[in-house]
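Some notes on the structure that comes next.
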Amino acid sequence: MKSTIILASNNEKSFSKEIVNKLIDILTQNKVQYEVIDLYKDNFNPVMTAKQEQLYSKGETDDELVKKYQKHLKESDEIILVFPLWFNNVPAILKGFFDKVFLKEFAFTEENNKPKGLLNNIKSGLVISTSESNSEYLIEGLNNPIETVVVKGTLGICGIENVEYINMNVENKDKYDLIEKYFGE
């Protein structure tokens, strides 16, 4: 089994980075191979150039970092996203990752004007957001935007099923039981 962790936080002392370190500990203890994609450390550019937009419609890219990320994803059985919520959504760098990496003919194809996922080698996923917002507010008050847009509207369209979403907030900041439960500990 191989896991790919995607981190979208530029603060080395952030709660998101702390969570990634905890995930690495758990994966190491469980003897699971993993790769960390640290978007900020990699200086990933989330902005699509005019040339990249033309290539996008063909399912192609000229970005070597995107090709590297695609290779990691094709070799993975599990995807884990860790990011802070910004305006109840993903940071721009993560949105750009989705736009530039999850290309047509790589992550999905179309059949009868509907997307059909191609990343079904990834058997499970975990999406972890960090926030100051109460999880109940996000789920009930805002109709669970991450579940709708990221879990179903992005990962699901790409064929990644069995994805669990956890919001780690001020209420559960020091409790990793939600993450450990995901890994069966």
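Every number here is computed from the coordinates shown, using simple stated rules; none is lab data. Predicted model only: the values in this text are computed from it and were never measured. Counting neighbours? That spans all protein chains shown, and the Cβs are built from the backbone with ideal geometry, glycine included.
A few points about this structure:
- With eigenvalues of the C-alpha gyration tensor scaled by 5 and rooted, segment 1-131, Å: 25, 18, 13
- √(5λ) per eigenvalue of the Cα gyration tensor, segment 67-185, largest first, Å: 26, 16, 13
- Loop-resident sites, segment 98-145, for GluC sites (Glu not before Pro), counting at most 14 other Cβ within 10 Å (DSSP): E105, E132
- When the Cα positions of N89, G117, A50 are compared along the charge dipole of the chain, A50 comes out farthest toward the positive end, with charges on each C-beta of Lys, Arg, Asp and Glu.
- Neighbour cut-off at most 15 other Cβ (10 Å), DSSP loop, trypsin sites (Lys or Arg not before Pro), segment 1-89: K13, K31, K41, K58
- Cα gyration tensor shape for segment 50-106, rounded if a/c is under 1.5, else prolate or oblate: oblate
- Unsatisfied cross-links (Cα-Cα over 23 Å) in the set K31/K71; K67/K123; K74/K181; K17/K95; K74/K116; K17/K51: K74/K181; K17/K51
- Length added when fully stretched, Y182-E136, from 0.36 nm per residue minus Cα-Cα: 14.6 nm
- Residues V32 and E110, FRET efficiency given R0 of 22 Å [Cβ-Cβ distance, rounded to 0.05]: 0.05
- At most 16 other Cβ within 10 Å, DSSP loop - trypsin sites (Lys or Arg not before Pro), segment 93-185: K123, K173, K175
- Full-stretch length increase - N11, K67 - with 0.36 nm per residue and alpha-carbon distance subtracted: 17.6 nm
- Here the calculated FRET efficiency for D77 and D42, from their Cβ-Cβ distance with R0 = 22 Å, stands at 0.50, rounded to the nearest 0.05.
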